[in-house]
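**Q** Mind having a look at this structure? Questions to follow.
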Amino acid sequence: MKIDHLGIATRGIEEALRFWEDALGLENVHTETVDDQKVRVAMLPLGESRIELLEPTSDDSPISRFLDKRGGGLHHIAIRVDDIEAALARLKEKGMRLIDESPRIGAEGCRVAFVHPSAANGVLLELVQNDPAL
Ligand code: CO
């Protein structure tokens, strides 16, 4: 397993890029809107991982709620797995609380599923399976 990306909640990606891109020197290689999750994301490669900047696209986006509560910051850690179905089945078998019982389509067409923070010491975890067929 590897860290696929670190998700950071922002009010606006353009504003956030003033730090991550202009000042720090990372490069925004990919921006897209994920309608299902009501977010716009920007991906900035960092080593073998990425920083994922998240911006809400509506007031009822999970990112809007997070921003209202916390004002921004680290939102989730995404772990790349080879077999997301197997990873979910294992977690379920161990009695871990899941947000997504089965994978859905996330950024870049990857299959993703979120694990509830109560299962992982308060950290929201996203499992990602890169599907080369997509
Ligand atoms: Co993510």
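The values are calculated or read from the model by the stated rules, or taken from the named source; none is laboratory data. Note that the structure is a prediction, hence the values are computed from the model and not measured. Neighbour counts run over all protein chains shown; Cβ positions are idealised from the backbone, glycine included. All accessible areas refer to the heavy atoms of the entire protein, side chains included, with ligands and DNA or RNA removed. Shrake-Rupley method; radii C 1.70, N 1.55, O 1.52, S 1.80 Å.
**Q** Of everything in the range 1-60, what is basic (Lys, Arg) and under 16 Å from residue 74 (Cβ atoms)? Give them in sequence order.
**A** Kept after step one, since they are basic (Lys, Arg), are these residues of the range 1-60: 2, 11, 18, 38, 40, 50.
Those that are basic (Lys, Arg) and under 16 Å from residue 74 (Cβ atoms): 11, 50.
**Q** Please pick out the residue among 16, 23 that is of a type in the set (A, V, I, L, M) and surrounded by 14 or more Cβ atoms within 10 Å (Cβ to Cβ). Please lay out each step first, then the result.
**A** Numbers: 23 fails: surrounded by 14 or more Cβ atoms within 10 Å (Cβ to Cβ).
The unique qualifying residue is 16.
**Q** Restricting to the range 92-108, and then to whatever is surrounded by 12 or more Cβ atoms within 10 Å (Cβ to Cβ) and part of a helix (DSSP H, G or I), can you tell me which residue is farthest from the ligand (Cβ to nearest atom)?
**A** Taking the range 92-108 as the starting set, the residues that turn out to be surrounded by 12 or more Cβ atoms within 10 Å (Cβ to Cβ) are 92, 96-100, 103-108.
Still in the list and also part of a helix (DSSP H, G or I): 92, 107-108.
On the way: 92: 21, 107: 6, 108: 10 Å.
Across the range 92-108, the extreme among qualifying residues is 92.
**Q** Right, something else. Please go through the range 53-66 and give me each residue that is among the charged types (D, E, K, R) and either in contact with a Phe, Trp or Tyr (Cβ under 7 Å, 6 or more places away or on another chain) or crowded, with 22+ Cβ neighbours inside 10 Å (or both), ordered by number. Steps first, please.
**A** Taking the range 53-66 as the starting set, the residues that turn out to be among the charged types (D, E, K, R) are 55, 59-60, 65.
Passing the criteria: only 55.
**Q** Additional query: Against the condition on the phi > 0 side of the Ramachandran plot and touching a residue at least 24 places away in the same chain (Cβ under 8 Å), how does residue 7 come out, does it pass?
**A** Working: on the phi > 0 side of the Ramachandran plot: no; touching a residue at least 24 places away in the same chain (Cβ under 8 Å): yes.
Considered against the rule, which asks whether it is on the phi > 0 side of the Ramachandran plot and touching a residue at least 24 places away in the same chain (Cβ under 8 Å), residue 7 comes out as no.
**Q** Hey, another quick one. How many residues does the range 38-66 contain that are out of contact with any Pro (no Cβ under 7 Å at 6 or more places or on another chain) and not in a strand (DSSP E or B)?
**A** Within the range 38-66, the subset out of contact with any Pro (no Cβ under 7 Å at 6 or more places or on another chain) is 40-62, 65-66.
Checking which are not in a strand (DSSP E or B) leaves us with 47-48, 57-62, 65-66.
Counting residues in the range 38-66 that are out of contact with any Pro (no Cβ under 7 Å at 6 or more places or on another chain) and not in a strand (DSSP E or B) gives 10.
**Q** From the list 89, 119, which one is more than 13 Å from the chain's Cα centre (by Cα) and open to solvent by less than 40 Å² (accessible area, probe 1.4 Å)?
**A** Values: 89 fails: open to solvent by less than 40 Å² (accessible area, probe 1.4 Å).
Just one listed residue meets the conditions, 119.
**Q** Please verify whether residue 14 is more than 15 Å from residue 124 (Cβ to Cβ), of a type in the set (Asp, Glu) and within 16 Å of the ligand (Cβ to nearest atom), treating the condition exactly as stated. Write out each step before concluding.
**A** On the way: more than 15 Å from residue 124 (Cβ to Cβ): yes; of a type in the set (Asp, Glu): yes; within 16 Å of the ligand (Cβ to nearest atom): no.
Here the answer is no, as residue 14 does not meet what is asked.
**Q** If you don't mind, another one. Condition check: closer than 24 Å to residue 118 by Cα and either in contact with a strand residue (DSSP E or B) (Cβ under 7 Å, 6 or more places away or on another chain) or of a type in the set (Ser, Thr, Tyr) (or both). Does residue 44 satisfy that? Talk me through it step by step, then tell me what you get.
**A** Working: closer than 24 Å to residue 118 by Cα: no; either in contact with a strand residue (DSSP E or B) (Cβ under 7 Å, 6 or more places away or on another chain) or of a type in the set (Ser, Thr, Tyr) (or both): yes.
So residue 44 does not fit the description; no.
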